[in-house]
Amino acid sequence: MRKILALLLVLIASPLSGQAAKPFDFSIKNIMRGPELYGRQPGNVHWSADSKWIYFTWLEPGADWRETPKQFRVRAVPGAKPERVSIRQADTTGARFAAGNRSHNGRYTAVEFNGDLYINDLATGTARRLTQTVEAERNPQFSANDREIFFVRNNNIYSIDLSSGLLRQLTDIRQGPEPTDSARAQGQRGRLEQQQRDLFEAIRDRIRADSIARAERLQRDSLGLKPVYLQSGEQVSDFSISPTGTSLLVTTKTPATGTRTTDIPQYVTRSGYTEELRVRSKVGDVEQRGRAALITLPAASVTWLKSFSTDTTTGSFDLLGWNDTGTRALLYAYSDDNKTRLLETVDPGAKITILETLRDAAWVGGPCSDCGGWYGAGEGRIWYVSEADGFSHLYTIAPNGTGKQQLTKGRWEVRGVALSPEDRWFNLLTNEVSPFEQHLYRMPTTGGPMEKITAKTGKHTAVVSPDGLLVADVYSYVNRPPDLFLIRDRPGAEMSQLTLSPSADWLSFPWTVPEIVMVPASDGVRVPAHVYKPSDMHAEPNGAAVVFVHGAGYLHNVGNFWSEYPREYMFNQFLASKGYTVLDLDYRGSDGYGRDWRTAVYRHMGGRDLQDQVDASRYLVKNLQIDPKRIGIYGGSYGGFITLMALFTESSHFGAGAALRSVTDWAHYNQGYTANILNLPQNDTLAYRQSSPIYFAEGLQDPLLMAHGMVDTNVHFQDIVRLTQRFIELGKTRWELAVYPVEDHAFVRPSSWADEYRRIFELFERYLPARNSTK
């Protein structure tokens, strides 16, 4: 009996032991699980003050899609394994590992952690707690002599003496308007008051007592802090205090009054009732105002800065700190129309020195456009990034505006800058190798050749350790999602992987590396594109093609790095496996190619950017002999907008399209994005009309799928509803609308993603392949 049972167990177990691993389910439903498959990339990477730990947000491979990233840490040694940081651990040890302001002697860092202040001793690895309050403290900075810490609490500046622990409030900034004494009544009421004074001693005694109390109050106030009153509703948005504690630069914002916001109804709610979200206003509505002031301490004398030649003090500002001696503060000032950026210093007397005036007929922008700061002891020197020559590059200049140097130059971009702790090196992230890669370099702050630290082809988003010996590098390649690596801060150093983000299921599939091709545009420019081929997926061509249009407009999607659109990266391969050739362009307006590429859409979105999609269609016709009516187009957000413009105005080049969460009328989008590109709708009606699909809806001839989340707080559901009504009134029939009642702009639920992309695939299958005759 035992032998029989043993034989049965062997027979049962043998097929299982020899069974091949379950193949990857290459279906729309499975790939739309999203980060459950390809993982959550490490984010918010920063070093501990002692360079021994790396902290980041992350989730382990295969974590449920409902989970949100958690805090992790990993030792900065090859082969170390990440560990979760519990809330209790964060409260007891987190301060020692938070980034902060470094003392002038280099031994300490001042940090804010969970709203309280700490001092880290880098020599001993210990932390000293300075505050434990309900109110949050933030932005700690060492004084020039390292004896005090300045910080912000409740929109005011305080200091702590590190020896005695004395806490002092340095400013008394209050909401306006400033109170005033009651004016003496006039006319009939004034005569009655005079009569009361004349007739009654009790009234005269009361007036005398009030006068004495007022004089005593004013005397007390003169011995304390002088209040600084802001305008009604005005709020402090940022501070920068000098190392001497005698000058303070502040920026403020005054919310707009009379603005009308959009209310978004939610239909699927806990209560069972329709509930509304009040979100943003529309472009061109009344906007908040900003201004900047210099406050001298302790006198609290206020000077509102006028950066531009007009009488107005309003604009927007980025504060970049003070030099070590406290003799100058550095800031960027932007004009209200964002066509001018001033780099300027302010001295304690409120004198402004303009170091660079960057003007752009379109709008000021580009990577690292708000980067800048001081380096060097004493008066110091200034570094900043500017698109002055058409590409974002690193410059330095003396505080008085002399000795300007351009440290980097070429048809490539500086995308990130950080100073080494001793101000010896600039650590630069650039795409000098090509627009399709990003690498870490270092350059002496005195100038000279750059040293390339990272070597592996792909995208490196690297952070150098405080001691300058190691690099925490979030690295990705086209078919490998971002993960955290450790390398030595020297050229060509070996990379040691610290995290593994994708699931084993995702890693089991041979994801393709799409070829990068250059599509000839009608204006002579060559436009980069990824091409996904049926042959890459061992499939036969079906005589059809698809153009994918990435969203955001100003976004970089073509290159040797992980896509900003990972689901679409997988879906494009799914299409290729069904016989479609897929093109994905970095069309005009995309990130990574300099100022002219960035601003090519100025005053006409749906102009040059759309023509690049049309040229992609021509490329497919010429090189693959694909009938243009068998070329589909799809994309979300800005990609959905381009899809609508393509089908409405360039119908002869496409056969069907899917427009997801699409802008249909730019006059209904937000201020920050739209006003830069199209100006204001009340001032530039032509720009808005020629850029908005709703004005061209009569041109729809080919099948169109529209999909939109009903709780979209970015591109409101109203956008697609207005276009739908336009179709109805025009008598259009070749369209359909899929709505998603619980989804915002970026869908969250896998079931919604799967339903949306199933519909896209079915649309293309119905109309595009050569085996189909229905058009």
Percent RCO, i.e. relative contact order, over the chain, from Cα pairs under 8 Å lying at least 6 residues apart: 9
Among (1) 52, 36, 28; (2) 38, 33, 30; (3) 116, 32, 20, the entry derived from the coordinates for semi-axes √(5λ) of the Cα gyration tensor in Å: (1)
Using θ = phi - 60° and Karplus 6.51 cos²θ - 1.76 cosθ + 1.60, couplings along the stretch 292-305 (whole Hz; Gly, Pro as x): 10, 9, 9, 10, 8, 10, x, 5, 6, 7, 10, 10, 7, 7
Unit charges on C-beta of K, R, D, E only; dipole of the chain, Debye: 800
Work out which chymotrypsin sites (Phe, Trp or Tyr not before Pro) in the chain are exposed loop sites (DSSP not H, G, I, E or B, at most 11 other Cβ within 10 Å) and give the longest gap free of them. 274-775
The stretch 440-515 and the stretch 119-145: distance between their alpha carbon centers, rounded to Å: 32
Square roots of 5 times each gyration tensor eigenvalue, C-alpha, the stretch 43-196, largest first, Å: 49, 23, 11
Too-long pairs where the Cα-Cα distance tops 20 Å, listed order kept, from Lys459/Lys533; Lys52/Lys81; Lys409/Lys452: Lys459/Lys533
In sequence order, what are the phi-derived ³J(HN,Hα) couplings for the stretch 47-58 according to the Karplus relation 6.51 cos²θ - 1.76 cosθ + 1.60 with θ = phi - 60°, rounded to whole Hz, with x for glycine and proline? 9, 5, 4, 9, 6, 9, 10, 10, 10, 6, 9, 5
Roughly speaking, what is the centre-to-centre gap between the stretch 718-756 and the stretch 695-715 when only Cα atoms are used, to the nearest Å? 6
Count neighbours as other Cβ atoms within 10 Å of each site's Cβ, and list the GluC sites (Glu not before Pro) in the stretch 421-473 that are DSSP loop with at most 16 such neighbours. Glu422
Out of residues 5 or more away from Tyr229 or on other chains, whose amide H comes under 5 Å of its own, with H placed 1.01 Å from N in the peptide plane? Arg174
For Phe561, which sequence-distant residues (separation of 5 or more, or a different chain) have an amide H within less than 5 Å of its own amide H, given hydrogens modelled in the peptide plane? Val478
In nm, the gap between the two label points placed 7 Å beyond Cα toward Cβ at Ser164 and Asp337 is 5.5
List every DSSP H helix in the chain whose Cα atoms extend 15 Å or more along the helix's own long axis and whose mean Kyte-Doolittle hydropathy is at least 1.0. 2-17, 638-649
Relative contact order (%) - the stretch 16-174, alpha-carbon pairs under 8 angstrom, separation at least six: 12
Under 1.5 on a/c is rounded, so check that first for the stretch 495-606, then, if it is not, pick prolate when a/b is larger than b/c and oblate when it is not; a ≥ b ≥ c are the square roots of the alpha carbon gyration tensor eigenvalues. oblate
If I ignore ligands, DNA and RNA and count only protein heavy atoms, how much of Lys459 is accessible to a 1.4 Å probe, in Å² to the nearest 10? 70
Could I get the Rg over Rh figure for the stretch 213-277? Both from C-alpha atoms, Rh via Kirkwood, rounded to two places. 1.30
Would you mind getting me the FRET efficiency between Lys533 and Ala361? Use the beta-carbon distance for r and R0 = 45 Å, nearest 0.05. 0.65
So, in nm, how far is label Asp263 from label Ser508 when the simple model puts each one 7 Å beyond its Cα toward the Cβ? 5.2
Based on the Cβ-Cβ distance of Leu225 and Arg184, what FRET efficiency does E = 1/(1 + (r/R0)^6) give at R0 = 30 Å, to the nearest 0.05? 0.50
Calculate the spin-label point distance for Glu762 paired with Leu686, positioning each point 7 Å from the Cα along the beta-carbon direction, and give it in nanometres. 4.5
If you take the charge dipole of the chain about its Cα centre, with +1 on Lys and Arg Cβ and -1 on Asp and Glu Cβ, which of Leu170, Ala202, Asn139 is farthest toward its positive end? Asn139
As an exercise, use a Förster radius of 30 Å and the Cβ-Cβ distance of Ile203 and Ala299 to find the FRET efficiency, rounded to the nearest 0.05. 0.20
In the stretch 323-354, trypsin sites (Lys or Arg not before Pro) in a DSSP loop with at most 15 other beta-carbon atoms within 10 Å: Lys351
For His604, placing the label point 7 angstrom along Cα-to-beta-carbon and taking the stretch 653-686, residues whose amide nitrogen sits under 13 Å are 686
For the stretch 138-273, what does the alpha-carbon gyration tensor say about shape, rounded, prolate or oblate, given a ≥ b ≥ c as the root eigenvalues, a/c under 1.5 as rounded, and a/b over b/c as prolate? oblate
With a/c under 1.5 counting as rounded, go ahead and sort the stretch 639-775 into rounded, prolate or oblate using the C-alpha gyration tensor (a ≥ b ≥ c being the square roots of the eigenvalues; past the cut-off, prolate if a/b is larger than b/c, else oblate). oblate
In what sequence, largest accessible area first, do Met706, Met495 appear using a 1.4 Å probe? Met495, Met706
Of Glu379, Glu178, which has the most accessible area and how do the rest follow, probe 1.4 Å? Glu178, Glu379
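The values are calculated or read from the model by the stated rules, or taken from the named source; none is laboratory data. The structure displayed is predicted, hence computed values, not measured ones. Methodologically, a virtual Cβ is constructed for each residue, glycine included, from the backbone with ideal geometry; neighbour enumeration extends over all protein chains shown. Keep in mind that these areas ignore ligands, DNA and RNA; they rest on the heavy atoms of the full protein, side chains included. Shrake-Rupley method; radii C 1.70, N 1.55, O 1.52, S 1.80 Å.
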